[in-house]
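Right, one structure below, let's go through it.
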Amino acid sequence: MERDYDHIAIEERWMKDWIDNKVWSMPETPRKEKRYTVTMYPYPSGDMHMGHVEIFTIHDAIARYYRMRGYDVLSPIGFDSFGLPAENAAIQRGLDPKEWTYANIEKLYSSAQRIGCSFDWDRKIATSDPEYYKWNQWFFLKFYERGLAYRKAAAANWCPNDKTVLANEQVVAGKCERCGAEVTKVFMTQWFFKVTDYADRLLDDMPLNTGWNERLKTLQVNWIGRSFGAEVEFDVEGADPITVYTTRPDTLWGATFFVMAPELPLAEELVKGTGKEQELTDFKNQVAKLTEIDRTSTERPKKGMFLGRYAINPVNGEKIPIWVADYVLMDYGTGAIMAVPAHDQRDLDFARQYDLPVRVVIQPPDRELDEDTMTEAYVGPGTMVNSGPFDGTSVDESVKKVTDWLASEGRGRHAKNFRLRDWLVSRQRYWGTPIPIVFCDDCGEVPVPYEELPLVLPENVDFTPTGEASPLATATDWVNVACPKCGKPARRETDTMDTFVDSSWYFHRYTDPHNTEIPFERAKSDAWMPMDQYTGGIEHAVLHLIYARFFQKVLVDMGMARDPEPFPNLLNQGLITMGGKRMSKSRGNIVEPQEAFQRFGADSLRLFMLFSGPPEANFDWPEEGVDAIGPVAYDWLKRVWRLCEENRDGFDGGGTEAGPAEETLRKDLHRTIKVVTADYEAFSFNTAIARLHELVNQAYRYRSGGGTNQQVLDEVIEVLLKLLAPIAPYLAEEQWHRLGHETSIHFEPWPEHDPQLATEEEVTMVVQVNGKVRDTILVPADVTEAKMTELALASEKVQGFLNGEPKKVIVKPPKLVSLVA
RNA sequence: GCCGGAGUGGCGGAACCUGGCAGACGCGAUGGAUUCAAAAUCCAUUGUCCGCAAGGGCGUGCGGGUUCAAAUCCCGCCUCCGGCACCA
């Protein structure tokens, strides 16, 4: 038999064996306690890169560990195959997105198999399959029926490069999340999902996500951005009252002017008859020219215009001028604000710019504010002044008191607001799920009947985005259709859905991937959900991870799901970089997985990655590239391999008798089982590997000391292979079979440590004098406090630092005696 | 500005939750064994300063505090990373 560690032969053999025998396939529902582990499914936008390898490796080690712990583990895989990444890549290469996508999917599946991923290959999904996206359309119609999908004309984020609108979440620092182009605003009629209806639940259920890290939770909480305050009604001279939202109703007496967003239709109405109509139009044009980045920059001086009309401050009857200004956002609150320059920096900046009055209504405890000269708004603690009946009220209770009073007067009410906006789901792109709506001149928006689903994406369409209309608009055969309601000629919606719709429920589909009647059967979903472990990048913090939570809550309301939260345990793997930069072809800092497989094997690559640090930590790949895997991972696997092979040769007469050396080795082994298991439980693979290094070192030390006891060495090696199996599955499987086993190591029960053996009999006791270690003494584990003190005081080294009797003695059995001189 | 996270040898990292020998494990480096030689392998040393040694001093971003004892807990800073940011 082959003696050398021939990683290629071994890995290819077992890869085929596992796939051919469908060893990872799960029944429809678990037969015993389950673990449902999912890794965020990738985009098929190219061949496998190290980011995939990392996330697959982490996920797979977890799945394999749970499997050996005796759980039924569902570990599925699929592809997020619709969307911009695939489509753009296809366009660049002049290919059809479909061909390009499916070719990549095949490549990526085979790379995933090469890594050794133990996915259930019978449950593969691709969201660009009509069998999948049919259900996106089905959900869209259900949402529509529930009033959760609606169309409205609104200013939307427009990516001039990708030529489509984007959701708020897909604009990062004013730029397109996908391509980095600077986003502009465009006024369009678009489809939205009503996430804001679920904003409270998204926040209030957050504590259920016990396995999320602080960073991620904060990101989402900030993004949803709930604030509490009040709505206050202002009368307007010669017009209907206007409501504003404020978090500081207690500063109402300091409201010296009124501001609204220029785009607000109300501004247009108010300006009528003032002679300033043209001025407003010009101002609006000026504002519209600003990019989103400029518009929201706090550096830029604020610009405004007086509308020539007045509002009445409800608390004191004062006439205050109504302005429009570019610093007020149209889509937050009511798009109009009361301006309190003394206690809001933006209002103060604006007041100084246009010479508007400033009135202090909160008096700081420690100084006087000067209304005429102050340049910093005061937002700290204090008491109300110039506020009529409320003078003297502390700010601790002022908001509540004033709001209660406004409510009793019928001029306001308690209110809250969210930073979160409704989810814009329309995309003017080809490669996505067609939105199942027909527009009829007589009937308006008409849903495509369920029995006509899937509404298949037409082929042979010029899919190049033009920015004018969706590419689907050019497919006239497809667009022109009889109205489902009245039968008259009508037109289909030509926008497609944001692909984040696809990914909002795919983890349910995995539980029932071939269902042709409904998206998934609740009994099957309930059997596996909630997900026990989700693995994926933090870049989805306010994208997928909010959308999917929203979807889950809607599913619950629809009676389709049980759990309020879909994935309470989430591991955010770190980023892989090289030289601190993302790996990319253009930078030339790519480490090719295929090269690593060839030279060192998947096991070495997996081991290398997991040993590099905790899975959550970013990993800067060493500059040697693939070479780095050799000394760190490959050489050690060879060392393990040699240990196994040498042992398999056997020893004359079964080797040495069991004695103290064997006893020590067995103790090491059982302590290793104990700590390695704890490491696996915490996904602390790097320390688990370190412990396995130590075990192997111990075994070598035993051998070089002349130890040849077959029985003990067999035990050590069998356990070692099991403990290593989730990390280096191929080598473990190969050596397991070489030991004569017929069945897979990956379904072997996880080793149990013998508590007797794992317990230390002797421990090193530390003796400190004044907090410094002065001696270490070997003592029995069950040593008494009295004996410890006696030994400590008897130590010559210790005596050198004591002047006679210690003032104080602290004993923590069995490891520490601390003396105070 | 607000909210999070992090700062430990030449390097990746361990110990932080639960205060108790800082630097596990690995890389690299140095020395040695083996070899005609190299690779591979094996053994040893490797925080830093003083010292021939025994031994001792210092040491976890900075400054304080709590404690017999602080990388670990508390307070105040600094730096880096990430997010949000004219959200009223």
Problem set entry | Spans of helices (runs of 4 or more DSSP H) in region A:177-282 with at least 3 residues within 12 Å of RNA strand B (Cβ to nearest atom) and free of Cβ contacts under 8 Å to residues at least 40 places away in the same chain | A:214-224
For this session: Examine region A:767-782 for a residue that is of a type outside the set (A, V, I, L, M), more than 16 Å from RNA strand B (Cβ to nearest atom) and farther than 27 Å from A:Trp641 by Cβ, and state whether such a residue exists.
Result: yes
Seminar exercise, completed: When A:Leu757 is run through (1) surrounded by fewer than 20 Cβ atoms within 10 Å (Cβ to Cβ); (2) modelled with pLDDT of 95 or more; (3) of a type in the set (A, V, I, L, M, F, W, C), the failure sits at (2)
For this session: Evaluate the following for A:Asp754: is it near RNA strand B (Cβ under 9 Å from one of its atoms), among the acidic types (Asp, Glu) and either touching a residue at least 40 places away in the same chain (Cβ under 8 Å) or over 30 Å from A:Glu646 (Cα atoms) (or both)?
Result: no
For this session: Identify all residues within region A:327-386 that are in contact (Cβ under 8 Å) with a residue 60 or more places away in the chain and more than 13 Å from RNA strand B (Cβ to nearest atom); write none if there are none.
Result: A:Leu356, A:Pro357, A:Val358, A:Arg359, A:Val360, A:Val361, A:Ile362, A:Met384, A:Asn386
Exercise. Only one of these conditions is not met by A:Gln363: (1) within 15 Å of A:Pro249 (Cα to Cα); (2) at pLDDT below 95. Which number is it?
Worked result: (1)
Problem set entry | Unique match (being within 11 Å of RNA strand B (Cβ to nearest atom) and surrounded by fewer than 15 Cβ atoms within 10 Å (Cβ to Cβ)) among A:Val820, A:Val763 | A:Val820
Exercise. Across region A:21-43, what is the number of residues that are under 22 Å from A:Trp100 (Cβ atoms) and touching a Lys or Arg at 6+ places or on another chain (Cβ under 8 Å)?
Worked result: 0
Seminar exercise, completed: Given (1) farther than 20 Å from A:Asp502 by Cβ; (2) of a type outside the set (Ser, Thr, Tyr); (3) surrounded by fewer than 20 Cβ atoms within 10 Å (Cβ to Cβ), A:Lys142 misses just (1)
Exercise. Among the listed residues A:Phe608, A:Phe551, A:Phe567, which satisfies the condition of being part of a loop (DSSP other than H, G, I, E, B), on the phi < 0 side of the Ramachandran plot and crowded, with 21+ Cβ neighbours inside 10 Å?
Worked result: A:Phe567
Exercise. Counting just the residues of region A:757-815 that are of a type in the set (Ser, Thr, Tyr) and in a loop (DSSP other than H, G, I, E, B), which one comes out farthest from the chain's Cα centre (by Cα)?
Worked result: A:Ser795
For this session: Could you identify the single residue in A:Thr677, A:Thr664 that is surrounded by 14 or more Cβ atoms within 10 Å (Cβ to Cβ), modelled with pLDDT of 95 or more and more than 30 Å from A:Lys581 (Cβ to Cβ)?
Result: A:Thr677
Exercise. When only residues in region A:380-395 that are surrounded by 15 or more Cβ atoms within 10 Å (Cβ to Cβ) and within 46 Å of the chain's Cα centre (by Cα) count, which is nearest to A:Arg248 (Cα to Cα)?
Worked result: A:Val395
Exercise. Looking only at residues in region A:396-415 that are of a type outside the set (Lys, Arg) and within 16 Å of RNA strand B (Cβ to nearest atom), which one is surrounded by the fewest Cβ atoms within 10 Å (Cβ to Cβ)?
Worked result: A:His414
Exercise. Based on what the data block shows, is A:Gly333 in a loop (DSSP other than H, G, I, E, B) and surrounded by 14 or more Cβ atoms within 10 Å (Cβ to Cβ)?
Worked result: yes
Exercise. Regarding A:Ala155, is this residue under 30 Å from A:Trp528 (Cβ atoms) and in contact with a Phe, Trp or Tyr (Cβ under 6 Å, 6 or more places away or on another chain)?
Worked result: no
For this session: Please list, ordered by first then second residue, the pairs with beta carbon atoms under 6 Å, 6 or more apart or interchain, first in region A:627-649 and polar (S, T, N, Q), second more than 10 Å from RNA strand B (Cβ to nearest atom).
Result: A:Asn647/A:Leu713; A:Asn647/A:Ile717
Exercise. Given the structure, is A:Asn213 surrounded by fewer than 17 Cβ atoms within 10 Å (Cβ to Cβ) and within 19 Å of A:Glu169 (Cα to Cα)?
Worked result: no
For this session: Kindly check whether there is at least one residue in region A:676-684 that is assigned to a loop (DSSP other than H, G, I, E, B), within 8 Å of RNA strand B (Cβ to nearest atom) and in contact (Cβ under 8 Å) with a residue 24 or more places away in the chain.
Result: yes
Problem set entry | The listed residue being part of a helix (DSSP H, G or I) and either surrounded by fewer than 16 Cβ atoms within 10 Å (Cβ to Cβ) or of a type in the set (Phe, Trp, Tyr) (or both), out of A:Glu694, A:Glu715 | A:Glu694
Exercise. So A:His741 clears everything in (1) under 17 Å from A:Glu645 (Cβ atoms); (2) surrounded by 15 or more Cβ atoms within 10 Å (Cβ to Cβ); (3) away from RNA strand B (no atom under 16 Å from the Cβ) except one condition, right? Which one?
Worked result: (2)
For this session: Would you point out the residue of region A:802-817, among those that are over 19 Å from A:Val779 (Cβ atoms) and not aliphatic (A, V, I, L, M), that is nearest to RNA strand B (Cβ to nearest atom)?
Result: A:Lys808
For this session: Would you check if there is a residue in region A:620-639 being basic (Lys, Arg) and within 8 Å of RNA strand B (Cβ to nearest atom)?
Result: yes
Exercise. Taking region A:378-410 as the region of interest, how many residues are among the small types (Gly, Ala, Ser), touching a Ser or Thr at 6+ places or on another chain (Cβ under 9 Å) and part of a loop (DSSP other than H, G, I, E, B)?
Worked result: 3
For this session: Go over the candidates A:Phe418, A:Phe390 one by one and state the one that is closer than 19 Å to A:Thr246 by Cβ, of a type in the set (Phe, Trp, Tyr) and within 16 Å of RNA strand B (Cβ to nearest atom).
Result: A:Phe418
Seminar exercise, completed: Within region A:146-176, the residues that are under 19 Å from A:Phe418 (Cβ atoms) and either assigned to a loop (DSSP other than H, G, I, E, B) or acidic (Asp, Glu) (or both) are A:Gly147, A:Leu148, A:Ala167, A:Glu169
For this session: Taking A:Arg582 as meeting all but one of (1) at pLDDT below 95; (2) within 20 Å of the chain's Cα centre (by Cα); (3) buried (at least 20 other Cβ atoms within 10 Å of the Cβ), write down the number of the exception.
Result: (3)
Exercise. If you scan region A:114-127, which residues turn out to be farther than 20 Å from A:Val53 by Cβ and under 23 Å from the mean Cα position of the chain (by Cα)?
Worked result: A:Ile125, A:Ala126, A:Thr127
Exercise. Are there any pairs with C-beta distances below 6 angstrom linking a residue in region A:761-773 that is polar (S, T, N, Q) to a residue that is within 6 Å of RNA strand B (Cβ to nearest atom) and assigned to a strand (DSSP E or B), with the two at least 6 apart or on different chains, and if so which?
Worked result: A:Thr764/A:Thr776; A:Gln768/A:Ser818
For this session: Go through region A:585-605 and count every residue that is part of a loop (DSSP other than H, G, I, E, B) and of a type outside the set (Asp, Glu).
Result: 9
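The values are calculated or read from the model by the stated rules, or taken from the named source; none is laboratory data. Predicted, not measured: the structure shown is a model, and the values here were computed from it. Because the Cβ atoms are built from the backbone with ideal geometry, glycine has one as well, and the counts that use them run over all protein chains shown.
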